[in-house]
1. Would the stretch 178-185 turn up any residue that is out of contact with any His (no Cβ under 6 Å at 6 or more places or on another chain), under 19 Å from Pro12 (Cβ atoms), among the polar types (S, T, N, Q) and at pLDDT 95 or above?
2. Would you check if there is a residue in the stretch 73-84 being at pLDDT 95 or above, aromatic (Phe, Trp, Tyr) and in a helix (DSSP H, G or I)?
3. Report yes if Ile190 is in a helix (DSSP H, G or I), in contact with a strand residue (DSSP E or B) (Cβ under 9 Å, 6 or more places away or on another chain) and either of a type in the set (Ser, Thr, Tyr) or at pLDDT 95 or above (or both), otherwise no.
4. Output the residue which, of all residues in the stretch 1-52 that are part of a loop (DSSP other than H, G, I, E, B) and of a type in the set (A, V, I, L, M, F, W, C), is surrounded by the most Cβ atoms within 10 Å (Cβ to Cβ).
5. Find the residue count for the stretch 196-244, including only residues that are in a loop (DSSP other than H, G, I, E, B) and either in contact with a helix residue (DSSP H, G or I) (Cβ under 9 Å, 6 or more places away or on another chain) or at pLDDT below 95 (or both).
6. Looking at Leu247, Leu146, can you tell me which residue is in contact with a Pro (Cβ under 8 Å, 6 or more places away or on another chain), closer than 22 Å to Phe111 by Cα, assigned to a helix (DSSP H, G or I) and modelled with pLDDT of 95 or more?
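The values are calculated or read from the model by the stated rules, or taken from the named source; none is laboratory data. From a predicted model like this one, the values you see are computed outputs, not experimental measurements. Cβ placement follows ideal geometry from the backbone for every residue including glycine, while neighbour counts extend to all protein chains displayed.
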Amino acid sequence: MLKGKQIVVVMPAYNAERTLRKTYAEIPKEIVDDVILVDDQSRDRTPEIARSLNINTIIHSKNRGYGGNQKTCYKEALKLGADIVIMVHPDYQYTPKLITAMASLIAEGLFDCVLGSRILGVGALRGGMPRYKYVANRVLTLVQNLLLGYKLSEYHTGYRAFSRRLLETLPLKNNDDDFVFDNQMLSQIIYAGHKIGEITCPTRYMEDSSSIGFPKALLYGFGVIKTSGAFRLHRWGLCRNRLFAPLDGTPD
């Protein structure tokens, strides 16, 4: 099933010293060929711990933001020859035990992107997801499904797997460097016609798990709506947007 496929796990990291070891310990080493951690100028010992675990560690010279971190992650994974790239946050919010299942769905050619959804099933609130985040997740997802003409259980999970072909064709350099990067990327994937699959992922919110505060969450929500609106206007030909222009041949 996964024989002959180069599988690379990427970890966009910022202040993850308390959870990195636990996260790394659950990665199925028998199928994963390499692990890359990109440190975005952490103020703790994240890089030192990563190197002690023999993780391929890259340190940004300055903080580039969550989206900027991912851009480096995917670029470096492709340099290593990855056929399948799986993003796992090192804050232990998502269990790496699902890597095999997610990689298999891509290796079999069923999907180009696989998401670990916290909403599928009934465990999001039981797993500790704050109620306001759960409600915001559901409302934003409803709006996005309507504007993007797609149907996902959620667009806001950080647990994602991608095929090499997908990463090579998306204009990720056009995306923002902040948290809305994730949503812009999914919107591009849908616009380009790539297939997205979802599997249920246990929700695990702990004291050590990273989480953006309410002000940033509010800005993120507005960014999500803006991205979805831009998608719809671009598809209707009413307002061209650089996020999608390279995908349909129009000038960006």
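1. yes
2. We begin by selecting, within the stretch 73-84, every residue at pLDDT 95 or above; these are 73-84.
If we keep only those that are aromatic (Phe, Trp, Tyr) as well, we get 74.
Retained after the next criterion (residues that are in a helix (DSSP H, G or I)): 74.
Yes, the stretch 73-84 contains a residue that is at pLDDT 95 or above, aromatic (Phe, Trp, Tyr) and in a helix (DSSP H, G or I).
3. Yes, satisfied.
4. The first filter runs over the stretch 1-52 and keeps only residues part of a loop (DSSP other than H, G, I, E, B), leaving 1-6, 14-19, 26-33, 40-45.
Within this subset, residues satisfying the condition of being of a type in the set (A, V, I, L, M, F, W, C) are 1-2, 16, 27, 31-32.
Working: Met1: 9, Leu2: 17, Ala16: 27, Ile27: 19, Ile31: 18, Val32: 20.
Filtering first and then ranking leaves Ala16.
5. So the answer is 20.
6. Numbers: Leu146 fails: in contact with a Pro (Cβ under 8 Å, 6 or more places away or on another chain).
Within the list Leu247, Leu146, the selection yields Leu247.
Residue by residue, here is whether (1) of a type in the set (A, V, I, L, M, F, W, C); (2) within 19 Å of the chain's Cα centre (by Cα); (3) more than 28 Å from Glu168 (Cβ to Cβ) holds:
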| residue | (1), (2), (3) |
| --- | --- |
| Lys3 | no, no, no |
| Ala13 | yes, yes, no |
| Arg21 | no, no, yes |
| Glu30 | no, no, no |
| Leu53 | yes, no, yes |
| Ile84 | yes, yes, no |
| Met87 | yes, yes, no |
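For every residue, the table says whether it meets (1) surrounded by 20 or more Cβ atoms within 10 Å (Cβ to Cβ); (2) under 13 Å from Ile199 (Cα atoms); (3) modelled with pLDDT of 95 or more.
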| position | (1), (2), (3) |
| --- | --- |
| Met102 | yes, yes, yes |
| Ile106 | yes, yes, yes |
| Arg131 | no, no, no |
| Lys151 | no, no, yes |
| Arg165 | no, no, yes |
| Glu168 | no, no, yes |
| Asn174 | no, no, yes |
